[in-house]
Structure formats: structure tokens, C-alpha cells
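Here the structure is laid out as C-alpha cells; the discussion comes afterwards.
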Amino acid sequence: MAQIEQSSGGGKKKKGAQKKMSIHVDFTPMVDMNMLLITFFMLCTTMIKSQTLTISLPSNEKVEQNQMNKAKESEAITLILTTDRNANGDVKKDENGRPMNTVYYYEGMPDVTDANGDGLFDNNKLKAEQFIGNDGKIQQGIRKILHDRNKQVLEKIEKEKERWRNKEFAPGNKDANDSIYQARAKEIRNDSTLTRPVVIIKAAPEASWESLISALDEMQINQISRYQIDNINQVDSAMILDYLKKNPKK
Amino acid sequence: MGKVKIKRKSTLIDMTAMSDVTVLLLTFFMLTSTFLQKEPVTVLTPSSVSEQKVPTANLASVLVSPEGKVFISIAGDADAATKDTWGTEALRKTILDEAVTLYNKQHPSTPVQLTAADREAFSKINMFGVPFQVLHQFLSMSQTEQDKFIADMNQKGVGIPINDNKDMEKLNEFQIWMRAIYNSGNENLQKAMKKGEGIAVKADKDTPYTTVHDVLDNLQTLKLNRFSIMTALKSEQE
């Protein structure tokens, strides 16, 4: 205390010198208010914008039988989307009570001959699969099957992709690089000299919307350019029933 | 012996820096935010690897509830120059007039009459979904009543009827709306619809396929064969 007094006694203040006022504004309420506003905006915004998937469906007009485009048998692969059922025929549900989906597929034409008359088809090509995506770099489930069928296209696109990654198409111009790659990929997808599958997606009425989107998604992932959405018919249902008879579920 | 004096420290913390940070955050949120649009049902869209963005302007989105009720939302042109004719509110009025005219032409015995106040109210609603016969009653309600009305999925007067018939001569109500949207005079919207970007179908991932298929079928009948499906982004390692 004394020290202070000494120092203050030594230097007399000049008259008329402006007093230095330290200005302290308490910002705490301001921060409070800002936090409230931030909370409000955080709760009201949609940060993730939804994406869209563009599809084209054929027109509903009737097409004459002889004008229809027929897929080659060797190229055709049919996916049947439906709900999973247990032995009693009830829809299986997961722990959240949502119906579980499954996908069956067969290649080529359906074969429903029953020569020995035992009520079972002799040569049911139907197989069950699942949408399980990738395990690391290895394709699984239905993706593996589609991937193998479209191997030629995918290998070619993979090469182009490597060039795209190294920006070889248009060095220094990202947009041009992207668009050239897209154009080339499209060309390869539609290249009729390669063996490409034609996928027919058949969704049962009770199949979930999600499984149809997953199926369309697989087309995009596996670069399949020819696919169509169709309705399930009697032959398909008969084949599923037959499959379930031969492979009873626990 | 001098007593040890405990210095009294001031507990004031300088909040200026904190305030700076919060204001920055606030600015970020204000600039990036797009407000959630009010929808009668919340749907969880399935995820896909597609990376196309949903357009914010010139879009007719069709919402399909898990019960199969259909709602439509219309967004017009975002350009300020065309606001009076192609802007969202003006566009909704045009579409309403167009749709009602079409409906009255097809149902001469039970025509729908709307007042100017109804048209004004319609232009403010983001998402609508009532049959034409209920339209006047719905539009004369207050906003809270409308929300309550439209959120009740079991009610008969909710959702645009879609399964009356699939005949091009006699359109059902959903088809009337889509036709009216297509013919609204907004060329940008029409262009977007031709390209497939102007129509977005939104449905919950657990909705049975047949429910959504009804809507897709109706669009096919109208020869609107290209459209987009709303999905959420799924990351997929390649």
C-alpha cells in the first residue's frame, strides 16, 4: 500500500489530462443469447440434402408382342425382391418389427417342368441371395453375382478410372477430366461388343421400397446399363414356393 | 507478525472471445441452413449411392406415406425476374386454377368453387393432399387446423386419390394435378419434368412396393416416364 502511495505522491496528475477509463463490457448475456440462436438454427436445419436417383420407366401403352425387344437368354438375369418368410409362411421380422427382405435370382429362362410328378420342379434355377454390399474390396451377396456377370465392362471402366484418378484426361482441369471420364464410362457401359447382362428386377407387392432402391443401386454400382422393373408373375411365385419347399427354413 | 493476506482475485472472465466464436458459428448456421419444410408425415428415405442433388427450384415432389396417401408439393422458379409468373406462390395459384378447371370439366355434376381467399391460402401451403371435394373446406381452415387435419392419416379426406382409374380420357385426381403442374406455363418446370429432374417421388423405405408402384403407374400413364426418386446418401467403398 505504501508503495503505491509513494508512487502516486511522486507524480502529480496534470490537470486537464484525460482520465483513462477502462471499458469492460460483460459479454456473458451476449454469449447466452448467441448460444440460444445457434441451438435454434441447429435444430431447424437440414444439413444433409437428400439425393435423387433418376430412373426412366417405359410408357404404359400396350406394345405388340412382335415389337417387343427380347433379351437374349444368355444375357438375362432376373432378380425377384420379396419379403423373407419362415416355415409357416409368415413374414419374418427383424428386432425392430420391420419385415425382412430377401432377393432371389435366376439366370436365363425360368424352368418349371415337373417330369416325375412329385410336385417339385426338376430344375429350379432359383437361388436366394442378400443385399450385403462389400466386405472391404470383396463383393458379397447379389453384388458379387452381378459383378461377375458384368466383369468385362467393369474391368474396362476400372482402367479408365485409374486414368481419371491420375488426371490423365485433362491435366490441370478437374471438370474436363471428370466429364471425359463420364463420357468414356458411358460408352463402355453401352458397348455392345462386350458381354453385358440384362437385369430384370421384379418386385413382389409386399417387398419394401428400400429393397427396390437397393436393387437399382446395385445396377449403378455394377455399371449395368440395361435393366428394367417388372411385375412378379405366377411362374416366379411358383418358383419361390418350390425353392422354399426344397430349402425349408428353420 | 503481518497477517498473510489472501489476494482477492476477480472472477470475471473475458467473454469477448467466446462471443466471437459463437457469432461465427451462428453466421455459419444461418448461411448454410435450409429450413425443414413442413410435411404431413416424416418419411425415412432409403439410401443409395447416387450423388445427384435435389433441385430446390422447379420441382414437384410427390410424397407417399406408408399408408398410401399421396401429397404434392410444388416449388416454382427461383429467379427474381420471373417471380410474378413462375415464382412459387404465383405458380401454385396458376396450377390450382388449372387443376380445378380440369376437374370441373370432368365432373360437371359436382363442380368445385373456390374463393379468392382459398387461392391465397393455397399459395402459402407447402404440401397439400386433399381430394378436390374437400379442398374448399381445407383451405378455409386456419393453419393449425390444417396441420391437424392433414396429419390424421386414417381420415378419408386426406391424400390425393390415385387409384380411381387409369384411363387417359378420364384422369383421376392425382393425374389432374400432375397434368396441371405440367401445363402450368412455367417452361423451366416443364423442361425439368421432361428431363426427369422436375418430379421427385419420396417414400419411406419400409413402404410396400405396391403402394409406391401405384404412384409410378399413374405417372407412366401420363407419359411422365422419367422422374427421380429421393434417397439419402450412402457411402460405399469401391
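Projected onto its three principal axes, the C-alpha set of the stretch B:54-233 covers 42, 40, 36 Å, listed from the longest axis down. Using θ = phi - 60° in the Karplus curve 6.51 cos²θ - 1.76 cosθ + 1.60, the 3J(HN,Hα) couplings for the stretch A:195-200 round to 7, 10, x, 10, 9, 10 Hz; x is entered for Gly and Pro. Over all directions, the projected convex hull of the C-alpha atoms in the stretch A:151-195 averages 2.8 nm² in area.
Mean sequence separation of contacting Cα pairs (under 8 Å, at least six apart), scaled by the length of chain B, corresponds to a relative contact order of 28 percent.
Its Kirkwood hydrodynamic radius, worked out from the mean inverse distance over all distinct Cα pairs, puts the protein assembly as shown at 27.4 Å. Among B:LEU31, B:LEU216, B:LEU44, determine the one that fluctuates most according to a GNM of chain B built with springs between C-alpha atoms less than 10 Å apart. The residue with the greatest mean-square fluctuation here is B:LEU31. Legend: residue pairs A:LYS93/A:LYS161; B:LYS148/B:LYS223; B:LYS156/B:LYS202; B:LYS53/B:LYS170, Cα-Cα distance threshold 30 Å; pairs beyond threshold, A:LYS93/A:LYS161; B:LYS148/B:LYS223; B:LYS53/B:LYS170. Comparing B:MET15, B:MET30, B:MET141 in a Gaussian network model of chain B (Cα springs below 10 Å), the most mobile by mean-square fluctuation is B:MET15.
Phi angles across the stretch B:180-191 convert, under the Karplus curve 6.51 cos²θ - 1.76 cosθ + 1.60 with θ = phi - 60°, into 3J(HN,Hα) values of 5, 5, 5, 9, 6, x, 7, 5, 5, 5, 4, 4 Hz, Gly and Pro given as x. Take every pair of alpha-carbon atoms less than 8 Å apart whose residues are at least six positions apart; their mean separation over the length of the stretch A:151-195 yields a relative contact order of 46 percent.
Based on Cα atoms of the stretch B:55-161, Rg over Rh with Rh as the Kirkwood radius reads 0.97. Within the straight-line cut-off of under 26 Å between alpha carbons, the lysines reachable from A:LYS20 are A:LYS12, B:LYS7, B:LYS9, sequence neighbours fewer than 8 places apart in one chain being disregarded. Size descriptors for the stretch B:1-66, from the alpha-carbon set: Rg then Dmax equal 26.4, 87 Å. Checking the Cα-Cα distances for A:LYS137/A:LYS174; A:LYS92/B:LYS38; A:LYS92/B:LYS69 against a 32 Å cut-off, the pairs over it are A:LYS92/B:LYS38. In angstrom, the C-alpha Rg and Dmax of the stretch B:47-98 are 13.8, 40.
No value in this document is a laboratory result; all are computed from the given coordinates. Since we're looking at a predicted model, the values are computed, not measured.
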